[in-house]
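First the structure, in the form of structure tokens, and then the observations on it.
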Amino acid sequence: MPDLELASLPGGSVTLHDARRKVRWTVELEPFEIGVFAVTQEQLAEAIGETAQHPLRPATDVSWLRAIRFCNALSEWEGLEHAYAFDGLDVRWDATSDGYRLPTEAEWEYACRAGSTGPHYGPLADVAWTAADGVTTPQRVGLKLPNLNGLFDTLGNTWEWCWDLLDPARYDDYRVFRGGGFADDAWSVRASTRRGGAPGMHHEDVGFRVARGGFDDEDAAQGWSLAADVERATIGGPLPPGWTPRR
């Protein structure tokens, strides 16, 4: 199985924004580890017994569910407890597990910002592959400058899956991806931009990086909680204009 380089980040705080609900809130984070690079084609291919066409490019066309299964496979290889349990296509995260997992949305933004408060952690041309570069595919990881946490490509190159639900009241089981991709304009390549997709969908510009860290409560950690997911999925009264019924 592949070796992934992780950075150890200290605890801290990050402020998140939900545009639909027009709310901001601050999350206090405990220390955790996160990948220095996005998972590469070579690393994913080694895990599933295939050959990578472009070994050092980020693994893309990877669904959220496949990323979750990769995390469990990596944990099993290293003798760690699985972070995720499956019931059909439903996935439960045991936040007490120290196995490999996807970062929470709060962890991702905290890791990406590296103390910065603006939309980017450096001049965008220096730190991120975007539409301004005129490339037509994801580029090899690590060619642009890292942020102050030593992480590469958290902005640009490929979007990255997180654990969290995007907006369960409107989009049901869609999961968040963050960071912007190689074909996106600067407006989308910002530390705060949120997008998402169905867990079984895959996109040519969406990949992932792994995280580790176990916590005290199996149903709440690092800005996420199962109870909050249930609350966020509830909406009373008629649907707002432009909404379609949830499946």
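The values are calculated or read from the model by the stated rules, or taken from the named source; none is laboratory data. None of the values given here were measured: they were computed from a predicted structure. All Cβ positions, even for glycine, are placed from backbone atoms using ideal geometry, and neighbour counts span all protein chains on display. We work out accessible area using only protein heavy atoms, side chains counted, and drop any ligands, DNA or RNA first. Shrake-Rupley method; radii C 1.70, N 1.55, O 1.52, S 1.80 Å.
Structural remarks
- Candidate set from segment 161-202 (those that are small (Gly, Ala, Ser) and open to solvent by 40 Å² or more (accessible area, probe 1.4 Å)); member that is nearest to residue 69 (Cα to Cα): 200
- Close pairs (9 angstrom Cβ cut-off, 6 or more residues apart or separate chains): over 17 Å from residue 41 (Cα atoms) in segment 58-82, of a type in the set (Lys, Arg) and open to solvent by less than 10 Å² (accessible area, probe 1.4 Å) anywhere: 72/101; 75/101
- The residue pairs whose first member lies in segment 156-181 and is more than 16 Å from residue 39 (Cα to Cα), whose second member is assigned to a helix (DSSP H, G or I) and of a type in the set (Ser, Thr, Tyr), and whose beta carbons are closer than 9 Å, counting only pairs six or more residues apart or on different chains, are 165/171.
- Of the numbered criteria (1) farther than 19 Å from residue 39 by Cα; (2) in contact (Cβ under 8 Å) with a residue 12 or more places away in the chain; (3) within 21 Å of the chain's Cα centre (by Cα); (4) open to solvent by less than 40 Å² (accessible area, probe 1.4 Å), the one residue 243 fails is (3).
- Segment 167-197, subset part of a loop (DSSP other than H, G, I, E, B) and of a type in the set (A, V, I, L, M, F, W, C), residue nearest to the chain's Cα centre (by Cα): 191
- Segment 168-183, residues that are touching an Asp or Glu at 6+ places or on another chain (Cβ under 8 Å) and more than 20 Å from residue 130 (Cα to Cα): 168, 174, 175
- Scanning segment 109-139 for residues that are among the charged types (D, E, K, R) and surrounded by fewer than 20 Cβ atoms within 10 Å (Cβ to Cβ) yields 126, 133.
- Sole residue being of a type outside the set (Asp, Glu) and within 14 Å of the chain's Cα centre (by Cα), chosen from 117, 104, 130, 137: 104
- The number of residues in segment 1-47 that are part of a helix (DSSP H, G or I) and open to solvent by less than 70 Å² (accessible area, probe 1.4 Å) comes to 5.
- Long-range neighbours under 6 Å by Cβ, at least six apart or interchain, first residue within 12 Å of residue 165 (Cβ to Cβ) and hydrophobic (A, V, I, L, M, F, W, C) within segment 214-226, second in a strand (DSSP E or B) and modelled with pLDDT of 95 or more: 224/164
- Meets criteria (under 17 Å from the mean Cα position of the chain (by Cα), more than 25 Å from residue 202 (Cα to Cα) and touching a residue at least 60 places away in the same chain (Cβ under 8 Å)) for residue 95: yes
- Considering segment 203-213, and only residues there that are out of contact with any Gly (no Cβ under 8 Å at 6 or more places or on another chain) and in a loop (DSSP other than H, G, I, E, B), the residue that is most open to solvent (accessible area, probe 1.4 Å) turns out to be 204.
- Here residue 132 meets each of (1) over 29 Å from residue 229 (Cβ atoms); (2) assigned to a loop (DSSP other than H, G, I, E, B); (3) touching a residue at least 40 places away in the same chain (Cβ under 8 Å) with one exception, condition (2).
- Residues of segment 48-81 that are touching a Pro at 6+ places or on another chain (Cβ under 7 Å) and open to solvent by 20 Å² or more (accessible area, probe 1.4 Å): 57, 60, 65.
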